[in-house]
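Accompanying notes for the structure given below.
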Amino acid sequence: MEIASRPETGRILVVDDEAMMRRLLEKLLRMEGYEVALASSGEQALAELSKHGADTVLLDMRMPGMTGLDVCRQIRAHRRGLHTPVVFITAVNDRELRRRGMEAGADDFLSKPFDEVELLARIRNCVRVKRYYDNLAQQKEQLELAVNERTAALNDAIARLTQSQLDLRNSQEETIYRLSRAAEFRDDETGQHLQRMSRYCQIIARHIGLDEATCELLRIASPMHDVGKLGIPDRILLKPGRLTPDEFTIMKGHAEIGYRILVGSDATPLKMAATIAHTHHEKWDGNGYPRGLKGEEIPLFGRIAAIADVFDALTSARPYKPAWLLDDALQLMRTSRGTHFDPTLIDVFFAALPEVLAIRERFVDAPAPHPVGEQHP
């Protein structure tokens with residue numbers, strides 16, 4: 001009858017300075033199907049473990065040079081040996097020595113001469129423990145790999161989504177800007193006016209402590225403040241010189257028209273733009289239009305846009321007027337504190353004036369044609 005060979009059940013490292021004991025243990029363990037490695041010293045044992053590892057270490061406690069205690073401490077000092085079972089074999093049944101062995105990290109003890117059945121049972125249990133921890137480590141590695149792969153996939157998806165959102169936002173901003181430019185072209189104003197005015201709004205918003213997302217939203221929405229000029233007849237919008245009272249009444253309608261164009265959208269920039277279009281000509285003292293709102297009845301963004309728009313209108317050349325001198329424009333802004341402009345916001349504007357002037361220098365208009373008609377707006 002053919003006897004099937006017993007399957008290998010683990011790798012055992014036998015460490016003993018006595019050659020006879022090494023051979024005895026090797027023979028016994030190989031008969032049980034274990035792979036066996038031998039070491040005659042602590043140094044040789046550590047080198048073998050470092051190179052090949054083991055499922056259990058049978059370790060003589062008393063050896064010349066590096067003792068079994070020293071070897072056990074070295075095994076436990078390395079991550080790879082943290083869960084490698086160590087079974088001390090000693091001819092001395094010394095309670096203190098065993099205590100020191102436990103402190104060094106031993107898992108079990110066998111006394112010489114040992115019982116073969118007891119030895120094999122303890123080896124079997126130690127190998128099972130080692131395999132259990134190996135399986136845990138393998139599962140952990142697999143889990144970490146899966147987590148890393150899914151995290152990378154998630155990060156990639158987030159990056160794509162973020163880029164899509166950025167592209168969408170840029171597209172929305174460009175659409176807003178081009179619609180705003182359409183109104184400005186009809187009024188013979190320049191795109192640089194939109195750039196300056198919107199950034200003046202952003203500066204004021206920052207200086208009153210609004211969060212950066214809101215400041216950026218204001219920069220995007222504020223260029224639409226005059227989009228209602230699309231509904232003003234050319235004979236009035238393009239007229240050089242001063243408007244008649246009736247013409248000015250029609251011109252003032254651009255605030256209401258702009259609001260009607262923009263209102264009703266669920267898009268946050270358009271909601272803000274509708275408010276600005278409707279209220280940027282209101283005045284702090286209630287003498288503005290279209291509704292004659294007064295003080296804080298005027299929405300904050302409308303009050304901010306009023307300051308930015310008037311300052312840029314005063315300091316920019318138009319076909320019907322030259323640009324005012326900066327000092328003259330600032331003086332008018334000061335004298336309008338509490339009448340045209342929110343006193344707190346105009347103070348903030350002047351406190352931020354260096355930043356405002358830097359924007360003015362950055363976005364310079366092309367040379368204006370020779371003015372005709374009135375000299376001041």
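The values are calculated or read from the model by the stated rules, or taken from the named source; none is laboratory data. Small disclaimer: the values here were computed from a predicted structure and weren't measured. When we count neighbours, we look across all protein chains shown, and the Cβ atoms used for this are built from the backbone with ideal geometry, even at glycine. Ligands, DNA and RNA are stripped out before the accessible areas are found, and what is left, the full protein with its side chains, is counted by its heavy atoms. Shrake-Rupley method; radii C 1.70, N 1.55, O 1.52, S 1.80 Å.
Among 34, 262, 110, which residue has its Cα positioned farthest towards the positive end of the charge dipole of the chain, with +1 placed on the Cβ of Lys and Arg, -1 on the Cβ of Asp and Glu, and the dipole taken about the Cα centre?
Projecting each Cα onto the dipole axis, the largest value belongs to 110.
Multiply the residue gap between residue 154 and residue 242 by 0.36 nm, knock off their C-alpha separation, and tell me the result in nm, one decimal place.
Going from the current span to full extension adds 25.5 nm.
Mind putting a number on the dipole of region 1-109 about its Cα centre? Charges go on the C-beta only, +1 for Lys and Arg and -1 for Asp and Glu, and I need it in Debye to the nearest 20.
I would put it at about 260 debye.
Using the Cβ atoms and a cut-off under 9 Å, what net charge is assigned to the surroundings of residue 297, where Lys and Arg are +1 and Asp and Glu are -1?
Surrounding charge for residue 297 is 0.
Which residue, 271, 229, 27, has the most motion in a Gaussian network model of the chain that connects Cα atoms within less than 10 Å?
27
Which links in 239/321; 252/294; 294/321 stretch past 20 Å when you go from one Cα to the other?
Beyond 20 Å between Cα atoms: 294/321.
For the charge dipole of the chain, defined by +1 on Lys and Arg C-beta atoms and -1 on Asp and Glu C-beta atoms about the Cα centroid, which residue among 63, 288, 359 has the Cα displaced farthest towards the positive pole?
About the Cα centre, the residue reaching furthest to the positive side is 63.
Using a ≥ b ≥ c from the Cα gyration tensor of region 20-94 (square roots of the eigenvalues), is it rounded, prolate or oblate, where a/c under 1.5 gives rounded and otherwise the larger of a/b and b/c decides, a/b for prolate?
oblate
Please state the Cα pair-distance histogram of region 229-377 with 5 angstrom bins from zero: what percent is in each bin?
Once binned at 5 Å, the Cα pair distances of region 229-377 give 2, 9, 15, 19, 21, 19, 12, 3, 0.
Once the convex hull of the alpha carbons of region 201-258 is built, what does its volume come to per residue, in cubic angstrom?
Roughly 108 Å³ of hull volume per residue.
About the Cα centre of the chain, how large is the charge dipole given +1 on each Lys and Arg Cβ and -1 on each Asp and Glu Cβ? Please answer in debye to the nearest 20.
180 debye
Positive end of the charge dipole of the chain (Lys, Arg +1 and Asp, Glu -1 on Cβ, about the Cα centre): tell me which of 279, 86, 213 has its Cα farthest that way.
The residue sitting most towards the positive pole is 86.
Roll a 1.4 angstrom probe over the protein heavy atoms and tell me the percent of accessible area of the chain that is carbon or sulfur.
Within the chain, the accessible surface is 54 percent carbon and sulfur.
Relative to the compact globular guide of 2.2 N^0.38 Å, what is the alpha carbon radius of gyration of the chain, as a ratio?
For the chain, the normalised Cα radius of gyration comes out at 2.04.
For the ranges 250-263, 99-112, what's the packing order if you count other beta-carbon atoms within 10 Å of each residue, average per peptide, and put the highest first?
250-263, 99-112
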